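Shown next, in structure tokens, is the structure this report addresses.
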Amino acid sequence: MKIHEYQGKEVLRKHGVSTLQGAAAHTPEAAMDAARSIGGSVWVVKSQVHAGGRGMGRFVGEVDEAALALVVAGADAPG
């Protein structure tokens, strides 16, 4: 089965397994909204593509950085 990590977490939660809070964001604005909704002071923004590759995660400490990291991750993504 080829699914993204966030989709796998949805399946796990559906069956009562605890997972870390997260959100899928397809735009910089959605990344900022997700960071605000989750709260806290540091977030991890990572790309999820089926093309493979590792090390695409970014730690960010400001809501605006969450949006920027999404843009950068998209530019760095293979394919």
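No value in this document is a laboratory result; all are computed from the given coordinates. This one's a predicted model, so the numbers in the text were calculated from it and none came from an experiment. Ideal geometry is used to build each Cβ from the backbone, glycine not excepted, and the neighbour counts take in all protein chains shown.
Rounded to the nearest Hz, the phi-derived 3J(HN,Hα) couplings of the range 11-19 under the Karplus curve 6.51 cos²θ - 1.76 cosθ + 1.60 (θ = phi - 60°) are 5, 4, 4, 4, 9, x, 8, 6, 9, where x marks glycine and proline. Semi-axes of the equivalent ellipsoid for the range 1-48, computed as √(5λ) from the eigenvalues of its C-alpha gyration tensor and ordered from largest down, come to 21, 14, 8 Å.
For LYS46, the residues whose amide H sits under 5 Å from its own are ARG58, ignoring neighbours fewer than 5 places away on the same chain, with H placed 1.01 Å from N. Residues LYS2, LYS9, LYS14, arranged from fewest to most other Cβ atoms within 10 angstrom of their Cβ, appear as LYS2, LYS14, LYS9.
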